[in-house]
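Heads up: the structure comes next, in structure tokens.
The values are calculated or read from the model by the stated rules, or taken from the named source; none is laboratory data. What you see is a predicted model; the values in this text were computed from it and never measured. Cβ coordinates were reconstructed from backbone atoms using ideal geometry, including for glycine residues, and neighbour counts include every protein chain displayed.
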Amino acid sequence: MTIDPAPYEPVIGLEVHAQLSTRSKIFCGCSATYGAQPNSQTCPICLGLPGALPVLNRQAVEYAMRLILALCGKVRSRSIFARKNYFYPDLPKGYQISQFDLPLGVGGAIDFATDGEKVSVRLIRVHLEEDAGKSLHPEAGNDGEVTSVDMNRCGVPLMEIVSHPDIRSPRQASHYLQKLHQILQYIAVCTGNMEEGAFRCDANVSVRPAGTPGLGTRTELKNMNSFRAVERALNYEIERQTTMLRQGGSVVQETMLWDEKAQSAHPMRSKEESSDYRYFPEPDLLPLRISEQWIQAVEKSLPEMPKARAARIEKQYGIPAYDAAVLTESRALADYFEATVSAHPDAKRVSNWIMTEVLRVLKDKGIPIDKFPVMPPALAEMLTMIDDGAISGKMAKDVFDQMVLTGRSAKEIVSSGGLTQISDEPMLNAMVETVLRDNRGQVATYKSGNARVLAFFVGQVMKLTQGKANPQRVSDLLKAQLDKSL
Ligand SMILES: [Zn+2]
């Protein structure tokens, strides 16, 4: 066996299926809600009964337009639906209504950074289609010996987002998906819930000698259920293809199923070509025509995108770019930050609290920011209490934890729990005197030039106040007393 030392590079393209969060399905009025009793959300149209005719859901079209425009793609004024013919038990019609020749959206790009390098991945197309039903196999948690089928998902609206093979590493692939996932949620067209299958990804991957222009034979990877799984599956497949080519073999074009438990992929079927599906224009639906006014209205309705919002927040509030990027990771978090700053204008302090304490709680509890029990005005009120000296920074952490736990305001917690910081000067001075009187030996040590004893005195006063004094204040008062009696 000869060893080929030439390095190989991967060429990756991604196909994402994002479920549109419309209330009803794409071609009928059935509910598209996830998790209902199996087969309870069906009708003659989504079951494909003879004579039933599809009617396009306007909201689904508009949601897809939102994404296309958010990614700077072009919405076609005329697109057509097509039948993709294949047999599967959860596809009662024997075909799926999709788009082929003339998809709704073309072009656009997704920009992100990987390890400091800017990456721009171009999009080939964004099109609309209906989902198929769901087969529940015995090994997938179904208790019987048979495979059953749930038709609730038949006709749920999907958007397929197809990238050019511009991705050069599994890490880039993961970042691309995270960016797309973020944008879908910003524009509120998809829940992004991967466990419920609302955001699914297939990856096409091939390898070639690094720096050469040609494309190797690709395989398609399916069944990755997290960003990490996509990265691992791609690493596995790139390694497999590279080893095979190095050993003089050749890659077979096929579809591979990723097995997360085994951390390996196995062939599912030979990869089909589009001609295998015998696409033809859907005779039951007219071409979809979209006016320039509609496109402009949708464009106007788009919210500020993450990149633009991060840039504005950085500039407007004078916080570091890093903070702005973290705070704009989700639209809800950015809203939370801006609402808090509007009530407590020290933006850097607000940012610090959100990035450390708030995000820590969200992570511990596994909840999104919109389920966070402390509302922006309540957080702002607590920060103002620190400014006013009503509570110390150290006490604030305890108060904050109680706010999260009980949903009560900082003021309520402090007044009912006796957490108010002692800022009464005569009272503190009296305590300082007591401590100095009771520790004459240490006072002598201080006077002999050992200033480190000061920390001991501060500790004693804090003990007397049960931690309710401001340590800096105590230290100042101690110094004043000690220096006076020098
Ligand atoms: Zn239906």
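Structure values in brief
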| quantity | calculated |
| --- | --- |
| Residue list for the range 303-318, restricted to those being surrounded by fewer than 21 Cβ atoms within 10 Å (Cβ to Cβ), touching a Phe, Trp or Tyr at 6+ places or on another chain (Cβ under 9 Å) and among the hydrophobic types (A, V, I, L, M, F, W, C) | M305 |
| Members of the range 11-30 that are among the hydroxyl-bearing types (S, T, Y) and more than 11 Å from the ligand (Cβ to nearest atom) | S21, T22 |
| Filter pass, T33 being free of Cβ contacts under 8 Å to residues at least 12 places away in the same chain, over 30 Å from R309 (Cα atoms) and within 16 Å of the ligand (Cβ to nearest atom) | yes |
| Residue in the range 27-39 that is within 25 Å of the chain's Cα centre (by Cα) and either outside any loop (DSSP other than H, G, I, E, B) or of a type in the set (S, T, N, Q) (or both) present | yes |
| Residues of the range 131-149 classified as within 16 Å of G94 (Cα to Cα), modelled with pLDDT under 95 and either over 26 Å from the mean Cα position of the chain (by Cα) or away from the ligand (no atom under 16 Å from the Cβ) (or both), total | 2 |
| Matching option when the condition is assigned to a strand (DSSP E or B), in contact (Cβ under 8 Å) with a residue 40 or more places away in the chain and not aliphatic (A, V, I, L, M), among R171, R200 | R200 |
| Residue satisfying condition, being modelled with pLDDT of 80 or more and in a loop (DSSP other than H, G, I, E, B), within set A390, A396, A444 | A390 |
| Test: V189 is buried (at least 20 other Cβ atoms within 10 Å of the Cβ), assigned to a loop (DSSP other than H, G, I, E, B), touching a strand residue (DSSP E or B) at 6+ places or on another chain (Cβ under 9 Å) and in contact (Cβ under 8 Å) with a residue 40 or more places away in the chain | yes |
| Residue satisfying all of: in the range 447-467; outside any loop (DSSP other than H, G, I, E, B) and touching a strand residue (DSSP E or B) at 6+ places or on another chain (Cβ under 7 Å); surrounded by the most Cβ atoms within 10 Å (Cβ to Cβ) among these | V461 |
| Condition check for L91: within 25 Å of E292 (Cα to Cα), more than 23 Å from the chain's Cα centre (by Cα) and either aromatic (F, W, Y) or part of a loop (DSSP other than H, G, I, E, B) (or both) | no |
| Residue match in the range 59-78 (condition: free of Cβ contacts under 8 Å to residues at least 60 places away in the same chain, out of contact with any Gly (no Cβ under 7 Å at 6 or more places or on another chain), within 16 Å of the ligand (Cβ to nearest atom) and more than 14 Å from G133 (Cα to Cα)) | yes |
| Restricting the range 213-233 to residues that are surrounded by fewer than 21 Cβ atoms within 10 Å (Cβ to Cβ) and in contact with a helix residue (DSSP H, G or I) (Cβ under 7 Å, 6 or more places away or on another chain), the residue that is farthest from M256 (Cα to Cα) | F227 |
| Filter result (assigned to a helix (DSSP H, G or I), at pLDDT 90 or above and surrounded by 13 or more Cβ atoms within 10 Å (Cβ to Cβ)) within the range 252-296 | W294, I295 |
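Let's see how each residue does on (1) surrounded by fewer than 22 Cβ atoms within 10 Å (Cβ to Cβ); (2) at pLDDT 95 or above; (3) among the aliphatic types (A, V, I, L, M):
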{"position": "A32", "(1), (2), (3)": "no, yes, yes"}
{"position": "Q41", "(1), (2), (3)": "no, yes, no"}
{"position": "P44", "(1), (2), (3)": "yes, yes, no"}
{"position": "G48", "(1), (2), (3)": "yes, no, no"}
{"position": "M65", "(1), (2), (3)": "no, yes, yes"}
